[in-house]
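The values are calculated or read from the model by the stated rules, or taken from the named source; none is laboratory data. As the structure is a prediction and not an experimental result, all values here were calculated from the model. Backbone-built Cβ (ideal geometry, glycine too); neighbour counts: all protein chains shown.
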Amino acid sequence: MNVPNSRKTCNDHFLLINQEKWPTSISTSVYVAGLAYCFIGLTIASSLFMNALETIMKQTRMVTQKDPLSGLQVARRERVWNLAVADVTLLALGTSFPQISLALIDAFKNLGQLSDSDLHQSQRKMGEHGIWREQMTGVLVAPTPRRAVNLDNVGNLSVALKNAVAIPDAYVQPEGLRPDVPYDGYSEETDQIPVVDLHNSNTGTVEERQRIISDIGCACKEWGFLQVLNHGVPDRLMQRLTDLGTRFFQMPAAEKEKAAFGQVGYEGRHVYMPERVQWVETLALVTGPDPNLEDILRVTCADYREEFIATVNEYIQEIQRVGLVLLELMAESLALEKSFFSQHFEKNSTSVTRFNYYPPCPLPSVALGLFPHADPNCITILNQDDIGGLQIRKDGRWISVRPLKDTLVVNVGDSLQAWTNGHFKSVEHRAVLNSVKPRLSVVFFYSPYAQAAMAPPLKLVDECHPLLYRPFTWAEYFPRMQKKRMEGKVGIDTFMRLDHKEDSPT
Ligand SMILES: O=C(O)CCC(=O)C(=O)O
Ligand SMILES: [Fe+2]
């Protein structure tokens, strides 16, 4: 065949012997078919490879570790392989595949020869396939460095025990105290919990207002507990507060500890009785009469400190307004002067605002976020996220409270029970846990100014309701009940009840 000088015939072959003698159309078709075949093969191989990788990465094993707090062995299940193995393998295959293919082709092409081919040199230039080998060796051979974490902190413990099958004994409650109803175990009683719409409390007709007063009175007498709608606190303020609170607890433990000041500020491990610990982290801020937010947060949460303080302050203004409205409605429900309670809150009221953060607990059926208790103050107003975990005790049975959007939870505390001569009942409640999502609640504990005399009014004392409690002040009661706080509903009757024999300070 005559070939013009300007064109050269390829007289070499790539894979097929004597290929140069074949018609171009045939050799093209053979190569295309070969490529398609290789492509399908590669797809199958990749799929098998991914399945194999997944199977390997799913391998787990039981490890036991000594819990530094209880000294006991804690068993937990953990992955055999560091997840980075899968990442690096995929990364390596993705980046090195062209080099590996070129090397294979090169090897075939130069079978029996000693020197590097052009192909081999170019694939050397293209990549550093050593990286892959080094990374893999690093991950597989060198142990993953583990920094010692402080397991005194429930947040850290929750992370360390993720997927665990046991928790330290200190968090395992005795049989009788374990939550018999799960956090989302809503029942018929749940739907009977009073919900009061405050919308018409100021602007409605006399009848509408009377209806609200009567609903609040019934709720406080029967349940000591209610949820309120249309309270006037802006939804976005409530949301901003819970977002900032969550941000605080999601900081590393060392950063949170900078806000720890004993009784106030941050607490990462709640021991109320030496052998029993609650699965909760808290940030307690004094919000009245002498707020200490600035001091508590002085050296922490630098990025959002100003916003946090401003949001808490704005929230406190709002929640105090709601508190005063509720106290007025409560007084009216007992046929007392509207300002009977609220006048003692208008100036220098005592309040603490506490953020409770409940990290997921691997064994929520044996642990508790907060032990059963009644709040010692007058009224408590709680703003919570949508997870759920609050339970109240009524007629001896635990009832899960369903979180309702944009609603505030209100409960009667021990002081108000005494101040109303037992007409209102403080409610016993607890916080239970779940194993998946953290939960946040922001609790406003509201009491009158420290020296206000809480003396039951004569109107509430009669033959059927003999005087039960002696007059007391918050300044007197608060230090006494501190130790009793998490022992069910005992504080007020131990210290202020007239017929109680052991009325002595401890
Ligand atoms: O977080 C809750 O649901 C309950 C909080 C509570 O009872 C408290 O802080 O006293
Ligand atoms: Fe409480």
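Structure notes:
- Single residue of region 372-400 satisfying the filter (of a type in the set (A, V, I, L, M, F, W, C) and surrounded by fewer than 21 Cβ atoms within 10 Å (Cβ to Cβ)) that is nearest to ligand 1 (Cβ to nearest atom): I387
- Members of region 175-190 that are modelled with pLDDT of 95 or more and either more than 21 Å from the chain's Cα centre (by Cα) or surrounded by fewer than 12 Cβ atoms within 10 Å (Cβ to Cβ) (or both): S187, E188, E189, T190
- Complete set of residues in region 346-362 that are in contact with a strand residue (DSSP E or B) (Cβ under 8 Å, 6 or more places away or on another chain) and either under 11 Å from H429 (Cβ atoms) or away from ligand 1 (no atom under 11 Å from the Cβ) (or both): N348, S349, T350, S351, P359, P362
A quick yes/no check of all residues on (1) out of contact with any Gly (no Cβ under 6 Å at 6 or more places or on another chain); (2) assigned to a loop (DSSP other than H, G, I, E, B); (3) surrounded by fewer than 19 Cβ atoms within 10 Å (Cβ to Cβ):
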site	(1), (2), (3)
G265	yes, no, no
V271	yes, no, yes
A284	yes, no, no
T287	yes, no, no
P291	yes, yes, yes
A302	yes, yes, yes
F308	yes, no, no
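- Considering residues of region 190-220 that are out of contact with any helix residue (DSSP H, G or I) (no Cβ under 7 Å at 6 or more places or on another chain) and acidic (D, E) only, the residue nearest to P234 (Cα to Cα): D197
- If only residues of region 356-368 that are within 16 Å of ligand 2 (Cβ to nearest atom) and within 11 Å of the chain's Cα centre (by Cα) are counted, the one that is surrounded by the most Cβ atoms within 10 Å (Cβ to Cβ) is Y358.
- Where T353 falls short, out of the listed (1) away from ligand 2 (no atom under 16 Å from the Cβ); (2) touching a Leu at 6+ places or on another chain (Cβ under 6 Å): (1)
Per-residue answers, yes or no, for (1) in the same structural domain as N377 (by TED's automatic domain parsing); (2) within 36 Å of the chain's Cα centre (by Cα); (3) modelled with pLDDT under 95:
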site: F424; (1), (2), (3): yes, yes, no
site: L433; (1), (2), (3): yes, yes, no
site: R439; (1), (2), (3): yes, yes, no
site: R480; (1), (2), (3): yes, yes, yes
site: E502; (1), (2), (3): no, no, yes
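- Each residue in region 411-429 was checked for being of a type outside the set (D, E) and within 12 Å of ligand 1 (Cβ to nearest atom), and 5 of them qualify.
- If you check V410, V443, V427 for being part of a strand (DSSP E or B), within 22 Å of D215 (Cα to Cα), in contact (Cβ under 8 Å) with a residue 12 or more places away in the chain and not polar (S, T, N, Q), only one passes: V410.
- The single condition from (1) within 15 Å of ligand 2 (Cβ to nearest atom); (2) among the hydrophobic types (A, V, I, L, M, F, W, C); (3) within 28 Å of the chain's Cα centre (by Cα) that I316 fails is (1).
- The set of residues in region 446-468 that are out of contact with any Asp or Glu (no Cβ under 8 Å at 6 or more places or on another chain), more than 19 Å from T380 (Cβ to Cβ) and not in a helix (DSSP H, G or I) comprises Q451, A453, A455, P456, P457, V461, D462, E463, C464, H465, P466, L467.
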